[in-house]
1. Would you confirm whether or not segment 154-164 contains a residue that is assigned to a helix (DSSP H, G or I), open to solvent by 50 Å² or more (accessible area, probe 1.4 Å) and touching a helix residue (DSSP H, G or I) at 6+ places or on another chain (Cβ under 8 Å)?
2. Select from segment 107-137 the residues that are modelled with pLDDT of 95 or more and polar (S, T, N, Q) and list them in ascending order.
3. What do you reckon, is Val80 touching a Phe, Trp or Tyr at 6+ places or on another chain (Cβ under 6 Å), closer than 26 Å to Asp111 by Cα, touching a residue at least 24 places away in the same chain (Cβ under 8 Å) and of a type in the set (Val, Ile, Thr)?
4. Quickly run through segment 70-88 and pick out the residues that are in a strand (DSSP E or B) and under 18 Å from Asn127 (Cβ atoms).
5. So Ala180 clears everything in (1) within 32 Å of the chain's Cα centre (by Cα); (2) surrounded by 11 or more Cβ atoms within 10 Å (Cβ to Cβ); (3) not polar (S, T, N, Q) except one condition, right? Which one?
6. What's the number of the condition Ser69 fails, among (1) among the polar types (S, T, N, Q); (2) farther than 28 Å from Glu163 by Cα; (3) open to solvent by less than 40 Å² (accessible area, probe 1.4 Å)?
7. If I ask for residues that are under 14 Å from Ser77 (Cα atoms) and touching an Asp or Glu at 6+ places or on another chain (Cβ under 7 Å), which ones from segment 107-118 would you list?
8. For Gln106, only one of the following conditions fails: (1) of a type outside the set (Ser, Thr, Tyr); (2) out of contact with any Gly (no Cβ under 8 Å at 6 or more places or on another chain); (3) open to solvent by 30 Å² or more (accessible area, probe 1.4 Å). What is its number?
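The values are calculated or read from the model by the stated rules, or taken from the named source; none is laboratory data. Model, not experiment: these values are computed from the prediction. Here the Cβ positions follow ideal geometry from the backbone for every residue, glycine too, while neighbour counts run over all protein chains shown. Quick note on the areas: whole protein, heavy atoms, side chains included, nothing else; ligands and nucleic acids left out. Shrake-Rupley method; radii C 1.70, N 1.55, O 1.52, S 1.80 Å.
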Amino acid sequence: MILALSSTAQDQNNLALDAIVRDMDGGKLAGVKVKIIQDGALVNQMTTGKNGRFDVLLDFDHQFLIEMSESGYVSKSIQVNTRNVPEDEQAWGYEYGGLAIDLFKQIPSVDYSILDGPVAKFYYDPNLQNFDYDKLYTKQIKQEIEDLEEEYERKKKMVEELERQAEKDYLLAMKDAENAFNDGDYLLAKENYLAAASIKPDAKDPQTKLKQVESKIQETSDKEEQYMSLLANADQLFNQQKFSEAQVQYEQA
């Protein structure tokens, strides 16, 4: 969604544009990359501040594409045409403020293709003697934007439900692994920690616990190997009727 709240004159020979970038829940997004493309060429880039805002001065007699992108979100752009401003009005300049641009989070299987083009176009309207958004263009893409928002909200709820279930599965796997570890069943503990790690690949706890389990498994393996070696030696000594020496080996085993 894009909202235009105000458009007033100012004492500069350009169009001053300011906007705020948010997520679909209205949260302000800081650090969003903003590219200013003038007549097809990149001329400036910046990032939004802590309050999600950015502002830019756009010279007259050009067409601009302003692209906003952030990791994990779908990029959006707006088009601003600063041509056709009468020369006697250019000296005063204009400002267009209060734009609110909402970015969708990346969700698999959602069709974001409508966002390949600008979501809004702004131009100088000689009848208003001011800048305004292109109402015909907005009307043309309105239904597609509404369909996207509906699909997004539906898929978002599905993803949130899957995330809740994954969290339950993760906590259960961690609990089962901890119980197995405390019971000395290190192989079962390892199996459950691996399951937890597969559910949350970025979680640190399963990886830390897996190192502890591997250490215990290796320690157990070493003891088992030592036990079997002592037992084999004892059996050999016993068969040789070296009973006292065999007894020592059996006791050590």
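1. Among the residues of segment 154-164, not one is assigned to a helix (DSSP H, G or I), open to solvent by 50 Å² or more (accessible area, probe 1.4 Å) and touching a helix residue (DSSP H, G or I) at 6+ places or on another chain (Cβ under 8 Å), which makes the answer no.
2. Answer for segment 107-137, where residues must be modelled with pLDDT of 95 or more and polar (S, T, N, Q): just Ser113.
3. Here the answer is yes, as Val80 does meet what is asked.
4. Asn81
5. Failed condition: (1).
6. It is condition (2) that Ser69 fails.
7. Once the filter is applied, which keeps residues that are under 14 Å from Ser77 (Cα atoms) and touching an Asp or Glu at 6+ places or on another chain (Cβ under 7 Å), segment 107-118 yields only Ile114.
8. With (1) of a type outside the set (Ser, Thr, Tyr); (2) out of contact with any Gly (no Cβ under 8 Å at 6 or more places or on another chain); (3) open to solvent by 30 Å² or more (accessible area, probe 1.4 Å) applied to Gln106, the lone miss is (2).
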